[in-house]
Amino acid sequence: MFGLTAVTAALIKLIPFITNAVPASLLSIVIVTVVAKVLKLPVTTLANMAGAETFKGGLSIIPSLTLPAVPFTLATLAEVLPYSITMAAVGLIESLLTLQLVDGLVDDGTQGSTSSECLGQGLANVASGLTGGMGGCALIGQTLININSGGHRTPHTAHRTPHTA
């Protein structure tokens, strides 16, 4: 297992010298996975750790999208609203700080839209909450990893950096 990890790390460093069409981390994982399957290498999988029964249901184990089973009353709103406002504020601050950081790191002549960021995150989090999911926001750590992996230069990010794709 350590050998596959080392090969993956080496590929992550080598692939950018060959191509930037696909993020190096993604391509490295795909290559090592295919090699492990083809050569039938003894690797630990999620099925080994959690048990094959965990994944026996296939896609049927994915939760269905339903509204939360809570009463839609003013009392419920009064209890949930303070936590919702706090979480929304923290998420927006984190996302806007990340947006400012990306604008400073990626010198592509464009600037992110704070209003689009806030509106998009708000709508997505409301939709997520209404269907039983958890809200989210942009995170500085993951964003830095994406930028350092060349995520801002790939064709998949053409909407962000049209002239570098």
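How compact is the chain by the rule of thumb for globular proteins, expressed as Cα Rg over 2.2 N^0.38 Å?
1.36
Placing unit charges on the Cβ atoms of the charged side chains and taking the dipole of the chain about its Cα centre, the candidate lying farthest along the positive direction among Val70, Gly132, Met49 is Met49.
Our estimate of slack between Asn48 and Leu77, defined as 0.36 nm per intervening residue step minus the Cα-Cα distance, is 6.1 nm.
For region 52-128, what class follows from the C-alpha gyration tensor (a ≥ b ≥ c being the square roots of its eigenvalues): rounded when a/c is under 1.5, otherwise prolate if a/b is larger than b/c, else oblate? Oblate, because a/c is 1.5 or more while a/b does not exceed b/c. Of the peptides 110-117, 76-83, the order by per-residue mean of other Cβ atoms within 10 Å, starting with the highest, comes out as 110-117, 76-83. Ile140 sits among other residues whose Cβ lies under 15 Å from its own Cβ, and their net charge, with Lys and Arg +1 and Asp and Glu -1, is -3. Taking the charge dipole of the chain about its Cα centre, with +1 at Lys and Arg Cβ atoms and -1 at Asp and Glu Cβ atoms, the residue from Ile31, Leu105, Gly122 reaching farthest to the positive side is Ile31.
So how much slack lies between Ile145 and Leu130, counting 0.36 nm per residue of separation and subtracting their Cα-Cα distance, in nm?
On the way: separation 15, 0.36 × 15 = 5.40 nm, distance 3.05 nm.
In short, 2.3 nm is gained.
How large is the accessible surface per residue of region 1-144, computed with a 1.4 Å probe and reported in Å² as a whole number? If you can, show how the numbers build up before the last one.
Working: 10590 Å² over 144 residues.
Normalised by residue count, the accessible surface of region 1-144 is 74 Å².
Here the chain is treated with +1 on each Lys and Arg Cβ and -1 on each Asp and Glu Cβ, and its dipole about the Cα centre works out to around 660 debye.
The values are calculated or read from the model by the stated rules, or taken from the named source; none is laboratory data. Quick caveat, the model's predicted, so the values are computed rather than measured. Cβ: placed from backbone, ideal geometry, glycine included. Neighbour counts: every protein chain shown. What goes into the accessible areas is simple: the full protein's heavy atoms, side chains included, and nothing from ligands, DNA or RNA. Shrake-Rupley method; radii C 1.70, N 1.55, O 1.52, S 1.80 Å.
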